[in-house]
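The values are calculated or read from the model by the stated rules, or taken from the named source; none is laboratory data. Source: prediction; values computed, not measured. Here the Cβ positions follow ideal geometry from the backbone for every residue, glycine too, while neighbour counts run over all protein chains shown. The protein model used for the area step is the full one, side chains on, heavy atoms only, and it has no ligands, DNA or RNA in it. Shrake-Rupley method; radii C 1.70, N 1.55, O 1.52, S 1.80 Å.
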Amino acid sequence: MLRTNNNEYRDPFESCFDPELFRLSDELQKVDKLLNDSRIIQPFRERFGTKIGRETIPVLTYLRLMYLKDRYQLGYESLVEEVKDNIKWRRFSQIPVDKKVPHYTTLIKLTQKYGPKMIEAVNRQLLDQLKSKKVLKGKKLRMDTTVVESNIHYPTDAGLLSDSVRKITTIVKEIKEQGHAARIQFRDRTRTVTKTILKLCKNLRNKAKSKKENFKEQTRELMKISKNVVQQAKDVLHDTAEAATIDIFDGIKALHDDLRKFVGIADCLQEQTQKVLVNNRQSIDSRIVSIFDTTARPIKKGKLGVKAEFGRKIILQDTEQRIITGYQVLEENPADSDLIEGGVERHRDVFDKPPDEIATDRGFSSADNEDKLKRAGIKRISMPKKGKLSKERKQHQKQHWFKRLQRFRAGCEAKISLLKRKFGLRRSRLRGSRGTEIHVGWAILAHNLWQTTRLT
């Protein structure tokens, strides 16, 4: 059963101590006032407003705890321990001193239960609240893209093959411990894989000319081991297929499904590695960079000293008040020039009209984008053109308003840096596209609440 707030919130010790001990900082007071608005919890009522089942922790308590988590970049366990020991944070979270702080696993389960759509809806309710107070105007719009890294180690073909062998071996051992696939012989090759990886690492430090050939030879050896392990795992899958369909309440079904998943990933990795060994990298579509996050991609952003980042590309847009009014976690790595129409539509959805002015970098520029933006009703478009400029175009881009909007656009770089340094947008701790959407949504909600406290 959904609980929206703690109606019984009374701290029996508050009257016994100096009021300064419970007084919130200016920031937390303003955030508390913003979250007390009934519109903020309306999406929870509409989606999860049932009157049956066990009571959840109050939604307002959950929102406050998640704000503290993202504002100060704490883990779930660290957050719970900090709130336990901090009277002001207890007061902010509406948890009396004589009551227990929710267990960190409860917060994890609720975060997964509510999902990315709920966070997006709460963000939208906050924007509507700011619009009604005329804090948010939306006359200007700026957009930029960045990469949110996945929580994975640096991917190499040899490392991915060894990861798949270890994971498959672990699952098969668990299946055999339950008494299944007893007739299937499965050889543990993890020690051999470890020795091969060590040889490969020593070879990388070697200055001999044959280093490249030795590297390929050891990678082929890992491929051979992986193929043998995968073949034995397929025999285990065939032997446990019937048990997995009958014992639906037993752990064997989940293990069987996991084994099938990682066997498929290992097959893809072998094909991918074979193409790399024959220098056919261009034909690798949807390159796998982690066996645990198969939808993460290598993305090049042109940063000095950084060849590629491994994760997901996101687009961010904000207005002259520096409130983020739209974001999207993107699949694969689409060109920036294909994203500008979607950004304007998100702005129109929030403000019911297009912006008067828009500023982007040259990555968003294309032959048709300026014409499309003009037809959308945008009066001033500051979008540097790619390639060699004509005399007329140079004069156009030297105008005062064009340069002013480009200075406004440069604030996107500072905004992205702030989100990565202070709100945890550098790396997603949750796996998969859905997990990244959840992580990004909470980081942006925490930022918008914090930024609002500076404007009001």
Discussion item. Please determine whether any residue of segment 75-86 is within 21 Å of Leu34 (Cα to Cα) and open to solvent by less than 30 Å² (accessible area, probe 1.4 Å).
Written reply: yes
Item to complete: Kindly indicate whether any position in segment 288-302 is surrounded by fewer than 17 Cβ atoms within 10 Å (Cβ to Cβ), more than 22 Å from the chain's Cα centre (by Cα) and modelled with pLDDT under 95.
Response: no
Worksheet item: So which residues in segment 431-455 are under 15 Å from the mean Cα position of the chain (by Cα) and free of Cβ contacts under 8 Å to residues at least 40 places away in the same chain, if there are any at all?
Response: Gly435
Fill in: Cβ-Cβ under 8 Å pairs, at least 6 apart or on other chains, segment 36-58 side over 15 Å from Asp128 (Cβ atoms) and in contact (Cβ under 8 Å) with a residue 40 or more places away in the chain, far side of a type in the set (Val, Ile, Thr) and assigned to a helix (DSSP H, G or I)
Phe44/Val59; Ile57/Thr106
Worksheet item: What is the one condition in (1) outside any loop (DSSP other than H, G, I, E, B); (2) open to solvent by 50 Å² or more (accessible area, probe 1.4 Å) that Gly435 does not satisfy?
Response: (2)
Practice prompt. Collect the residues in segment 87-100 that are open to solvent by 20 Å² or more (accessible area, probe 1.4 Å) and either assigned to a loop (DSSP other than H, G, I, E, B) or among the aromatic types (Phe, Trp, Tyr) (or both), keeping them in residue-number order.
Written response: Trp89, Gln94, Val97, Asp98, Lys99, Lys100
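Conditions tested, residue by residue: (1) open to solvent by 70 Å² or more (accessible area, probe 1.4 Å); (2) over 20 Å from Lys139 (Cα atoms); (3) not acidic (Asp, Glu).
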{"position": "Gly363", "(1), (2), (3)": "no, yes, yes"}
{"position": "Asp368", "(1), (2), (3)": "yes, yes, no"}
{"position": "Ser382", "(1), (2), (3)": "no, no, yes"}
{"position": "Lys386", "(1), (2), (3)": "yes, yes, yes"}
{"position": "Lys398", "(1), (2), (3)": "yes, yes, yes"}
Fill in: Residue tally, condition part of a helix (DSSP H, G or I) and either of a type in the set (Ser, Thr, Tyr) or open to solvent by less than 50 Å² (accessible area, probe 1.4 Å) (or both), over segment 31-74
20
Worksheet item: Just wondering, is there one or more residues in segment 14-27 that are over 28 Å from Arg434 (Cβ atoms), at pLDDT 85 or above and not in a loop (DSSP other than H, G, I, E, B)?
Response: yes
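Kindly indicate which of Ile284, Ile197 is surrounded by fewer than 18 Cβ atoms within 10 Å (Cβ to Cβ) and in contact (Cβ under 8 Å) with a residue 24 or more places away in the chain.
Ile197
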Response to the item:
When Thr105 is run through (1) assigned to a helix (DSSP H, G or I); (2) surrounded by 13 or more Cβ atoms within 10 Å (Cβ to Cβ), the failure sits at (2)
Fill in: Selection within segment 229-257 - touching a helix residue (DSSP H, G or I) at 6+ places or on another chain (Cβ under 7 Å) and either open to solvent by 70 Å² or more (accessible area, probe 1.4 Å) or hydroxyl-bearing (Ser, Thr, Tyr) (or both)
Lys234, Thr240, Lys253
Item to complete: Check off (1) over 30 Å from Ser382 (Cβ atoms); (2) surrounded by 14 or more Cβ atoms within 10 Å (Cβ to Cβ); (3) among the polar types (S, T, N, Q); (4) under 26 Å from the mean Cα position of the chain (by Cα) for Gln112 and give me the number that stays unchecked.
Response: (2)
Item to complete: Consider only pairs whose beta carbons are under 9 Å apart and that are at least six residues apart or on different chains; among these, list those whose first residue lies in segment 164-186 and is touching a residue at least 60 places away in the same chain (Cβ under 8 Å) and of a type in the set (Lys, Arg) and whose second residue is open to solvent by 40 Å² or more (accessible area, probe 1.4 Å) and part of a helix (DSSP H, G or I).
Response: Lys167/Asp258
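Can you name the residue in segment 213-265 that is part of a loop (DSSP other than H, G, I, E, B) and of a type in the set (Asp, Glu) and, of all such residues, is nearest to Thr295 (Cα to Cα)?
Here the residue is Asp250.
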Worksheet item: What pairs come up if the first residue lies in segment 95-120 and is hydrophobic (A, V, I, L, M, F, W, C), the second is open to solvent by 50 Å² or more (accessible area, probe 1.4 Å) and part of a helix (DSSP H, G or I), and their beta carbons are under 6 Å apart, counting only those six or more places apart or on different chains?
Response: Val101/Lys84
